[in-house]
1. With the requirement that a residue be under 19 Å from Leu98 (Cα atoms) and surrounded by 21 or more Cβ atoms within 10 Å (Cβ to Cβ), what does the range 156-170 give you?
2. Just to be sure, is Phe143 within 18 Å of Arg53 (Cα to Cα), at pLDDT 85 or above and not charged (D, E, K, R)?
3. Need pairs with beta-carbon distance below 7 Å; first residue on the phi < 0 side of the Ramachandran plot and assigned to a helix (DSSP H, G or I) and within the range 94-121, second charged (D, E, K, R) and crowded, with 18+ Cβ neighbours inside 10 Å; sequence gap 6+ or separate chains.
4. Looking at Ser105, is it out of contact with any helix residue (DSSP H, G or I) (no Cβ under 9 Å at 6 or more places or on another chain), modelled with pLDDT of 85 or more and either loosely packed, with under 15 Cβ neighbours inside 10 Å or among the β-branched types (Val, Ile, Thr) (or both)?
5. Please go through the range 122-136 and give me each residue that is closer than 15 Å to Ser99 by Cβ and not basic (Lys, Arg), ordered by number.
Amino acid sequence: MTKQRLGKWLKFAGVAIATILLIWVIQRYGISQLRANVESFGVWAPLALFFLRFTSVVIPALPGTAYSVLAGGLLGFSQGLLVICLADICSCSLSFFLSRQFGRSFVQRLIGKRFITRVDNLAKKHLERNFFLMTAFLMTGFFDFVAYGVGLTQASWLRFLPALILSITISNPPIVALGAGLLEGGKLLLAFAILGVFALAILTGFLQRKQPIK
């Protein structure tokens with residue numbers, strides 16, 4: 001088995017174990033008791049989720065979507081969305097500045113050779129010339145690579161930031177709502193989340209066909 005395939009299996013196993021553990025904890029203690037325990041941690045629970053999401057974006061090899069779902073389930077929709085959005089703005093801005101300040105070689109050492117080709121492909125697509133295309137790519141599941149890729153172009157941070165904020169405003173609510181809807185049992189919130197996630201999946205598939213990411 002190659003290192004690449006082994007890495008994929010380890011990543012899948014990690015996500016599966018985390019999901020099973022979360023389901024077990026919810027079934028054992030119940031969501032109300034679990035949230036009560038989370039609230040007892042005060043500000044530390046949101047900070048922990050912020051750190052996990054932040055790290056998963058700066059180091060794209062780590063899965064990040066699960067933290068958005070978890071934030072919605074444990075913190076509720078409003079607070080969970082705020083934590084995830086702040087983490088995304090800070091982490092994507094840091095990724096942009098790391099690329100801009102230290103260049104491709106530093107980014108490769110940070111995220112590894114396996115992922116640098118994605119950054120290179122995105123940097124070559126001239127996203128900086130089209131604000132709406134940049135926003136669309138930032139709304140997809142490979143937005144963390146987009147931040148690094150745009151940082152390697154001539155685009156300024158003041159041009160990148162509005163696209164980032166707009167993409168986060170559109171793409172994050174459905175994922176956080178999915179966690180809040182599943183664990184709260186809110187049918188309307190859950191329906192909104194499912195439709196939003198479906199729309200984001202269609203957008204990602206469309207962009208991958210038009211602008212393939214290897």
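1. Listed by number, the residues that qualify are Phe160, Ala163, Leu164.
2. Yes: the conditions hold for Phe143.
3. If the second residue must be charged (D, E, K, R) and crowded, with 18+ Cβ neighbours inside 10 Å, the pairs left are Ser95/Asp144.
4. On the way: out of contact with any helix residue (DSSP H, G or I) (no Cβ under 9 Å at 6 or more places or on another chain): yes; modelled with pLDDT of 85 or more: yes; either loosely packed, with under 15 Cβ neighbours inside 10 Å or among the β-branched types (Val, Ile, Thr) (or both): yes.
Answer is yes for this residue.
5. Answer for the range 122-136, where residues must be closer than 15 Å to Ser99 by Cβ and not basic (Lys, Arg): Leu122, Ala123, Leu127, Glu128, Met134.
The values are calculated or read from the model by the stated rules, or taken from the named source; none is laboratory data. Remember, it's a predicted structure, so these values are computed and weren't measured experimentally. Quick reminder, even Gly has a Cβ in these numbers, built from the backbone with ideal geometry, and neighbours come from all protein chains shown.
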